[in-house]
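The values are calculated or read from the model by the stated rules, or taken from the named source; none is laboratory data. For clarity, every value in this text was computed on a predicted model and none was experimentally measured. Using ideal geometry, Cβ is built from the backbone for each residue, glycine included, and neighbour counts are taken over all protein chains shown.
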Amino acid sequence: MPSKYQPQLSCWREDLYKGIYTTKLHLSNNKKLRFVNDDYCEFSRRNIGWGKIGRSITLVIIAPLMFMILFTLYAIIPDIIGDPIEYNLIFIPCCILFIYIIYILIQFIFNLLFAPEDCPIRLNRKTRKVYIYEHFLLYFGTRATFTRSPFRAKEITVKEFDWADVQAVITSVSSPIASGGVVRTYRIECVVCEPNSNHIVDHFILSTHNSLCYDEWMWINSYMAFSDENLDKKLKPEDEFSWPIKVNWPEEIDKKSKASSLEDYNRINGEYKN
């Protein structure tokens with residue numbers, strides 16, 4: 001049976017229930033909780049975390065590779081200009097391939113230098129709003145890898161949704177391994193539907209796991225329903241989030257996401273519209 005949310009997401013597995021899952025069992029946050037109080041919570045959606053050392057090592061590896069490719073292009077291009085046409089049938093495709101590889105490497109380097117280490121989500125249960133801190137790195141490897149300019153590496157997008165319009169599904173991707181068998185990755189993806197419909201207008205990744213896991217979604221549902229009795233509220237150990245780009249919510253969104261009531265939210269919203 002297909003998903004009730006249409007158009008259906010690629011690699012869909014199942015739709016998830018939205019509501020309080022249990023009032024008896026301990027609900028884990030999978031060490032993703034960055035902050036929580038009676039008004040709002042913030043979850044990490046950290047997918048890839050290199051850290052300072054990891055990023056530095058990767059840059060040291062990529063830099064010589066780019067130099068080798070550029071040197072190869074420097075050696076090939078004169079041959080393309082001066083050699084007969086039959087040689088160009090070999091050299092020109094090689095040049096196109098090398099240029100494409102350089103484009104991908106430049107994009108990767110820019111992300112290493114400028115991408116934040118996390119792309120969190122905030123949920124305010126008093127105002128029933130959801131805030132997404134997005135960066136291209138979270139979806140690195142998708143079609144946008146080939147269409148997005150590497151010079152937009154610093155670009156941050158913040159989105160605001162109504163909790164009532166947010167649903168969740170499980171998607172999974174399988175990859176074969178050389179020794180035989182497959183490795184399967186599961187993702188909880190939140191879909192944003194038009195009010196009072198199942199038509200998807202946007203979606204975002206909530207979490208990714210190597211095994212089927214609903215923990216974050218169950219925790220968030222209970223929190224948004226003010227059912228805190230069995231919620232694990234131990235915060236995620238604070239990693240270094242200040243290099244190279246600190247997770248820094250825009251001032252307006254930061255204030256709105258921390259509002260303690262709808263009246264407070266409307267007041268803040270009015271201040272920034274005037």
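Results for (1) in contact with a strand residue (DSSP E or B) (Cβ under 9 Å, 6 or more places away or on another chain); (2) modelled with pLDDT of 90 or more, shown as yes or no for each residue.
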position: Ile200; (1), (2): yes, yes
position: Leu212; (1), (2): yes, no
position: Asp232; (1), (2): yes, yes
position: Lys258; (1), (2): yes, yes
position: Asn266; (1), (2): no, yes
position: Gly270; (1), (2): no, yes
position: Asn274; (1), (2): no, no
As an exercise: evaluate Leu16 against (1) in contact with a strand residue (DSSP E or B) (Cβ under 8 Å, 6 or more places away or on another chain); (2) within 29 Å of Ile253 (Cβ to Cβ); (3) without any contact (Cβ under 8 Å) to a residue 40 or more places away in the chain and give the number of the one condition it does not meet.
(3)
Counting only residues in region 11-29 that are part of a loop (DSSP other than H, G, I, E, B) and modelled with pLDDT of 90 or more, the one surrounded by the fewest Cβ atoms within 10 Å (Cβ to Cβ) is identified as Gly19
Based on what the data block shows, is Ile253 in the same structural domain as Arg122 (by TED's automatic domain parsing), hydrophobic (A, V, I, L, M, F, W, C), in contact (Cβ under 8 Å) with a residue 60 or more places away in the chain and surrounded by 14 or more Cβ atoms within 10 Å (Cβ to Cβ)?
yes
Region 191-222, subset within 20 Å of Arg125 (Cβ to Cβ) and free of Cβ contacts under 8 Å to residues at least 40 places away in the same chain, residue surrounded by the most Cβ atoms within 10 Å (Cβ to Cβ):
Val192
Consider Ile205 against the criteria (1) more than 23 Å from Tyr21 (Cβ to Cβ); (2) in a strand (DSSP E or B): it satisfies all of them except one. Which criterion is unmet?
(1)
